[in-house]
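One structure below.
The values are calculated or read from the model by the stated rules, or taken from the named source; none is laboratory data. In this text the structure is predicted, and so the values were computed from the model without any measurement. Cβ atoms come from the backbone with ideal geometry, glycine included; neighbour counts cover every protein chain shown.
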Amino acid sequence: MSTNAVSLARLRTRAAVGLLRNEFPAGARPALASLHATVLQRHQHALRAHSTQSTDSTTSHITLKPSTPGFHQSHLAAQRLRRPVSPHITIWRWQSHMLLSALQRNTGLLFAGPLYLFLIAHGLSPLLGSDVGISSAGVVAAVAALPGVVVWGGKAVAAWGLSLHAVQGIHEVVRGLWPAWGLRSKELVVKTSLAVFVLSGMGTVGLLWAF
């Protein structure tokens, strides 16, 4: 029997006793008052018994464990293992323009890094001595000594990187003007990014044919 049911029964009993008081004569009212007190006492006993049972059923499934510093440390270590790694590569949905942006930076490093190193070494070669062999003629002789497959592979990578970097650079400049022209379409970005791949491939073939 729930608490709400007990309360409702008490209200009904009080209402019934009140009606009896009004209907019966004054001489019968002491007996009705005694009956009212008896009924209320029984309901109070039932309510106490229900409260005790509810408390026992609630607390019987609770198990207390002592809290120690070691427990807190182990719990913290377990929580750290379940933490998400952020930023994580899986949160990104790769698009063609994202790939082009990364390739443009990497091709810039591919060309700028060796070029700067060669220029620095070439400028310091008079101070280091002629036996170092850092010169244009020395580079040409070193490349000529390589196998033909390696030379053509290097040419293809260099031609593709140069073509992609140049075409993507122009593409970025033109994209910077799109807001002024009222062009803000994502589909246009995807189409022009694919066009950059096509044009860079054509540029690679052209450079290999020319050189």
#### Entry: Among (1) in a helix (DSSP H, G or I); (2) surrounded by 11 or more Cβ atoms within 10 Å (Cβ to Cβ) - the single one Leu146 does not satisfy
(1)
#### Entry: Sole exception among (1) surrounded by fewer than 13 Cβ atoms within 10 Å (Cβ to Cβ); (2) within 26 Å of Phe211 (Cβ to Cβ); (3) among the charged types (D, E, K, R) for Lys155, by number
(1)
## Note on the structure
Residue hits (region 190-211; surrounded by 13 or more Cβ atoms within 10 Å (Cβ to Cβ) and part of a loop (DSSP other than H, G, I, E, B)) are none
## Note on the structure
When His165 is run through (1) part of a helix (DSSP H, G or I); (2) more than 35 Å from the chain's Cα centre (by Cα), the failure sits at (2)
### Scan of region 66-81 for residues that are polar (S, T, N, Q) and not in a helix (DSSP H, G or I), ordered by number
Ser67, Thr68
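Let's see how each residue does on (1) at positive phi; (2) modelled with pLDDT of 90 or more; (3) under 33 Å from the mean Cα position of the chain (by Cα):
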| residue | (1), (2), (3) |
| --- | --- |
| Gly169 | no, yes, yes |
| Trp181 | no, no, no |
| Phe197 | no, yes, yes |
| Leu207 | no, yes, no |
### Task
With the checklist (1) surrounded by 10 or more Cβ atoms within 10 Å (Cβ to Cβ); (2) assigned to a helix (DSSP H, G or I) in hand, flag the one item Ala180 doesn't pass.
(1)
